[in-house]
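Notes follow the structure.
The values are calculated or read from the model by the stated rules, or taken from the named source; none is laboratory data. As the structure is a computational prediction, the values presented were derived from the model and not from experiment. A quick note on method: Cβ atoms are made from the backbone with ideal geometry, for glycine too, and the neighbour counts reach across all protein chains shown. Areas reflect the complete protein model, heavy atoms only, side chains present, ligands, DNA and RNA absent. Shrake-Rupley method; radii C 1.70, N 1.55, O 1.52, S 1.80 Å.
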Amino acid sequence: MKVEWYLDFVDLDYTPGRDELIVEYYFEPNGVSPEEAAGRIASESSIGTWTTLWKLPEMAKRSMAKVFYLEKSGEGYIAKIAYPLTLFEEGSLVQLFSAIAGNVFGMKALKNLRLLDFHPPYEYLRHFRGPQYGVKGIREFMGIKDRPLTATVPKPKMGWSVEEYAEIAYELWSGGIDLLKDDENFTSFPFNRFEERVRKLYRVRDRVEAETGETKEYLINITGPVDVMERRAELVANEGGQYVMIDIVVAGWSALQYMREVTEDLGLAIHAHRAMHAAFTRNPKHGITMFALAKAARMIGVDQIHTGTAVGKMAGDYEEIKRINDFLLSKWEHIRPVFPVASGGLHPGLMPELIRLFGKDLVIQAGGGVMGHPDGPKSGAKALRDAIEAAVDGIDLEEKAKSSPELKKALEKWGYLKPK
Ligand SMILES: O=C(O)[C@H](O)COP(=O)(O)O
Ligand SMILES: [Mg+2]
């Protein structure tokens, strides 16, 4: 195969039009020149195949992607590619990813390929709803103005009967947790059926709301086949829930786009868990960045999404998470800002540093760091809430612990990372 065909997709003097979609890739060529490798990416992700063709229809000629930037970066190269919008179906993130994150990842001409970011022009973006509530809407319905929201996953992550789960929920909400959250693999089982749980838990929520005067919500995990998710979302809305949780990576863009429509009609916010993302976000040389994943999720319209903690148990460095969170909270045409969720290995002693790093527009989830409290879930919930409120008010946790025995015990068990 002649290399020239691929080079037809490279024009380093080209200035992309305002109506083109730009994608940034990192790649390492495998036995071919960087120009050829970049040209192959542009070809395969737009109109091309492995060989020259007897004829190109007019529209195909106008739809050829163009590599307009190519620079060395570490062991590989950064390429920026401009894609005419004729390549993309309006309002289908599924189709977009089939093109820009599809066959290209498996090509022999590349040792590694990473989709770093993509920039949809307004003409493309306007077909997406974005979040129904976003940060402002969630703060409004939760009635929480100026502190991070607190969330807890009952741990162990599996094994609770509905009765046991309801008791724990009561303790957690009463202790000061705003959002009870199911775990990513906790859906519906013979010992804890979704339908039963949904009926029970919202009554517990109503009771705690009446007792505390605070708004409490439940991030109930509806993840499953899409018809099941739809039925579950309807049940949640009927029972007076405000949120559903979806494992958006395992469910996929198609299911998420569908559920975004369903939740619009039902008035439900979407909590996006990212289980499985690290299969393709973690290797810094290959896959898709968490940034690109979060951008796509924001376009479709999740209201909050897990992005990492920097100080907890999951991989993900501070700069990367900060960049994602800043993007989620930024103004972006008609697409509302999204709440970043910090979750994984958090406990009260980490709150001042976490809030110093990422600010107050955050949902903070601690599962083990609440449920592992020596005096149980209610004390764990109180310790977390006290730590967050102290951090927001600029009070040192050791000082706060003098008036909060729950926080004192939490710091004794898990330690205190003094903010830098
Ligand atoms: O789904 C999550 O984010 C985890 O359940 C986090 O749990 P942990 O707070 O116990 O690490
Ligand atoms: Mg979990």
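Some notes on this structure:
- Theoretical ellipticity at 222 nm over the chain - DSSP helices of four or more residues, -39500 (n - 2.57) apiece, nearest 500: -12000 deg cm²/dmol
- Stretching the chain fully between K360 and R129 yields a gain of 80.6 nm (0.36 nm per residue, less the alpha carbon separation).
- The magnitude of the dipole of region 7-126, with charges of +1 and -1 set on the Cβ of Lys/Arg and Asp/Glu and taken from the Cα centre, is near 220 debye.
- Along each principal axis, Cα extent of the chain, largest first, Å: 75, 46, 37
- By accessible area with a 1.4 Å probe, ligands and nucleic acids excluded, highest first: order of K61, K400, K216, K157: K61, K157, K400, K216
- Electrostatic bookkeeping for V262 treats Lys and Arg as +1 and Asp and Glu as -1; over the other residues with beta carbon under 9 Å from its beta carbon, the sum is -4.
- Degrees between helix 318-329 axis and first principal axis of the chain (Cα, 0 to 90, nearest 10): 90
- Relative to the longest principal axis of the Cα atoms of the chain, the long axis of helix 290-300 makes an angle of roughly 80 degrees.
- Size of electric dipole in the chain: Cβ of Lys, Arg +1 and of Asp, Glu -1, about Cα centre, debye, nearest 20: 520
- Taking a ≥ b ≥ c as the square roots of the eigenvalues of the Cα gyration tensor, an a/c ratio of 1.5 or more together with a/b larger than b/c marks region 31-158 as prolate.
- Evaluating 6.51 cos²θ - 1.76 cosθ + 1.60 at θ = phi - 60° for every residue in region 4-16, the Karplus couplings come out as 3, 4, 5, 5, 5, 9, 10, 8, 6, 9, 6, 10, x Hz, glycine and proline recorded as x.
- Note on region 98-235: with charges restricted to the Cβ of Lys and Arg (+1) and Asp and Glu (-1), its dipole about the Cα centre is near 600 debye.
- Percent RCO, i.e. relative contact order, over the chain, from Cα pairs under 8 Å lying at least 6 residues apart: 15
- Region 7-126, accessible surface, carbon-and-sulfur percent (1.4 angstrom probe): 48
- Charge sum, other residues only, whose C-beta stays under 12 Å from P377's C-beta, Lys/Arg counted +1 and Asp/Glu -1: -2
- Atom-type composition of the exposed protein surface of region 215-324 places 51 percent of the accessible area on carbon and sulfur (1.4 angstrom probe).
- Computed lengthening from E261 to A210, 0.36 nm per intervening residue step minus Cα-Cα distance: 15.2 nm
- Ordering G91, S33, P405 by Cα displacement along the dipole of the chain toward the positive end leaves P405 in first place; charges were set at the Cβ atoms of Lys, Arg (+1) and Asp, Glu (-1).
- Over 29 Å (Cα to Cα) - which of K111/K420; K72/K322; K331/K409; K155/K285; K66/K285; K136/K322 fall in this group: K111/K420; K331/K409; K155/K285
- Prolate/oblate/rounded call for region 18-91, Cα gyration tensor, a/c under 1.5 rounded: oblate
- Cα centroid of region 188-210 to Cα centroid of region 338-372, whole Å: 25
- The residues packed around G344, meaning those with a beta-carbon under 13 Å from its beta-carbon, carry a net charge of +3 if Lys and Arg are +1 and Asp and Glu are -1.
- Accessible surface, region 7-126, averaged per residue in Å² (probe 1.4 Å): 48
- Residue separation of E196 and S98 scaled by 0.36 nm, minus their Cα-Cα distance, works out to 31.4 nm of gained length.
- GNM top mover of V262, V302, V228 - the chain, alpha-carbon springs below 10 Å: V228
- GNM top mover of P405, P352, P131 - the chain, alpha-carbon springs below 10 Å: P405
- Springs between Cα atoms under 10 Å define the GNM used for the chain, and in it the highest mean-square fluctuation of S174, S43, S330 occurs at S330.
- Helix axis angle, 34-44 relative to the chain longest principal axis, alpha carbon, degrees: 80
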